[in-house]
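This report concerns only the one structure given below.
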Amino acid sequence: MPKTSRKLSQVNASSMADIAFLLLVFFLVTTSIETDWGILRKLPPAEEDPHSKPFHERNILEVFLNANNDMMVEGKQMTLSELRNFTKSFLLNAERRSDWPAFKTEEIPVLGNMDVSKGIVSVQSDRSTNYATYLGVQNELIAAYRELRDAAAQKYFGTNYEDLVESGQQEKVLAIRKLYPQRISEAEPVNKGGLNR
Amino acid sequence: MKRESKRSLPQVSTASLPDIVFMLLFFFMVTTVLRPVDLKVKLEKPQAEEVQKLENKEEIGHLYIGKPLEAERYGDLPRVQLNDAFVDKRQLLTFAEELDQANHPERIVSINVDRGVEMGVVTDVKQILRKGNALRIAYSALPDENE
């Protein structure tokens, strides 16, 4: 009987594509390319001796939020949109007011001897203050510091602060940071207003 | 002269189709991250302009604070969700301590708070994080383009 030689039959590869599509759809459904955005902060360490560093009242910018989401800054009621400019004026203290922050002469690399403000912003909220309001205040304070830093970066380096950070020139970035150190303190909240919890 | 038999159009080879699909698949596997968790709390993030992109997604611990979605089962007060379960103060403290930010400076805690939550819960969480020495945090918010 003649032996017929048979060609090996080819495996049909069309279903491989189906399997691959299934896997692709699975990954598309279960993952997301969204980036997480956030305001980075550093909390103060827990064991803080309250009497360790004496601070003067003039150096502190007091921001109070009550249960009604009203804001009081340095004894005056203010709206959120006014906070940024007030903070900038307070920290710059161009008129060298005696009830606003004092300055300390520091040796900053790249910039030389500069007057650095001793100003600290202190935010205190009530337990019933709305979180969105609180975040709005944080946002405005950070914006104030950013604008001050941008102005300084433009004046000394000809670019704004963000571009300076991205260009990776660490010494210049550090110099600007030392010129305007971001000191935002969070005081213990009070429980004056709001519901009885 | 031999007449050429009528030729049918050659079939398009589909052998390379799975290769293309696998390439797409690998692209997505590389550029995306598995969504971390199913939210058990109602979460509407507030908007802020001064937000920065949080790099290094693997080294972020996510806390979600808001009113539980299943109010009948969990009540109406805001709860704290870590990864995929609600936590109490003790578990939160353990989490903060185990994060060991002292030895792992790139790790941060991303706090996602619903915009309607009041500051009491948030402050308690921050106090516990301070106690557990997890000091690097980020308030999660959506970027806001409006000036």
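The values are calculated or read from the model by the stated rules, or taken from the named source; none is laboratory data. A quick note: this is a predicted structure, and the numbers were derived from the prediction, not measured. Note that we place each Cβ from the backbone using ideal geometry, even for glycine, and neighbour counts take in every protein chain shown. When the accessible area is computed, the model is the full protein with side chains, heavy atoms only, and any ligands, DNA or RNA have been set aside. Shrake-Rupley method; radii C 1.70, N 1.55, O 1.52, S 1.80 Å.
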- Note on the structure: Taking segment B:86-107 and keeping only residues that are surrounded by fewer than 16 Cβ atoms within 10 Å (Cβ to Cβ), farther than 23 Å from A:SER128 by Cα and touching a residue at least 40 places away in the same chain (Cβ under 8 Å), one is left with B:HIS104, B:GLU106
- Message: Which residue is nearest to the chain's Cα centre (by Cα), if the candidates are limited to segment A:182-197 and must be at pLDDT 70 or above and loosely packed, with under 15 Cβ neighbours inside 10 Å?
- Response: A:SER185
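Going through B:ILE128, B:ILE111 one at a time, which residue ends up being touching a helix residue (DSSP H, G or I) at 6+ places or on another chain (Cβ under 9 Å), more than 7 Å from every other protein chain (Cβ to nearest Cβ) and part of a strand (DSSP E or B)?
Working: B:ILE128 fails: part of a strand (DSSP E or B).
On inspection, the qualifying residue turns out to be B:ILE111.
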- Query: Hey, A:GLU82 hits all of (1) modelled with pLDDT of 85 or more; (2) open to solvent by less than 80 Å² (accessible area, probe 1.4 Å); (3) within 22 Å of B:ALA141 (Cβ to Cβ) but one; which does it fall short on?
  - Reply: (2)
- Query: Of the conditions (1) among the charged types (D, E, K, R); (2) surrounded by 14 or more Cβ atoms within 10 Å (Cβ to Cβ); (3) more than 7 Å from chain A (Cβ to nearest Cβ); (4) closer than 29 Å to B:ARG73 by Cβ, B:GLU118 fails just one. Which one is it?
  - Reply: (3)
- Residue pairs meeting the criteria (Cβ under 9 Å; at least 6 apart or on separate chains; first without any contact (Cβ under 8 Å) to a residue 40 or more places away in the chain and open to solvent by less than 60 Å² (accessible area, probe 1.4 Å), in segment A:151-168; second of a type in the set (Val, Ile, Thr) and outside any loop (DSSP other than H, G, I, E, B)): A:ALA152/A:ILE176; A:ALA153/A:VAL173; A:ALA153/A:ILE176; A:PHE157/A:ILE176; A:TYR161/A:VAL173; A:TYR161/A:ILE176; A:LEU164/A:VAL173; A:LEU164/A:ILE176
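Pull up segment B:38-83, narrow it to residues that are open to solvent by less than 90 Å² (accessible area, probe 1.4 Å) and in a helix (DSSP H, G or I), then point me to the one that is modelled with the highest pLDDT. Step through it out loud before you land on a result.
Filtering segment B:38-83 for residues open to solvent by less than 90 Å² (accessible area, probe 1.4 Å) gives B:39-41, B:43, B:45-46, B:48-51, B:54, B:56-57, B:59-68, B:70-71, B:74-75, B:78-83.
Next, only the ones that are in a helix (DSSP H, G or I) stay: B:57, B:59, B:71, B:74.
Working: B:LYS57: 66, B:GLU59: 76, B:ALA71: 76, B:TYR74: 80.
Filtering segment B:38-83 for residues that are open to solvent by less than 90 Å² (accessible area, probe 1.4 Å) and in a helix (DSSP H, G or I), the one modelled with the highest pLDDT comes out as B:TYR74.
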- Going by the conditions given, is A:THR133 touching a residue at least 40 places away in the same chain (Cβ under 8 Å), closer than 30 Å to B:ASP124 by Cβ and either open to solvent by 30 Å² or more (accessible area, probe 1.4 Å) or within 12 Å of chain B (Cβ to nearest Cβ) (or both)? yes
- Item | Enumeration of residues in segment B:131-143 that are open to solvent by 60 Å² or more (accessible area, probe 1.4 Å) and either within 15 Å of A:LEU40 (Cα to Cα) or more than 8 Å from chain A (Cβ to nearest Cβ) (or both) | B:ARG136, B:LEU142
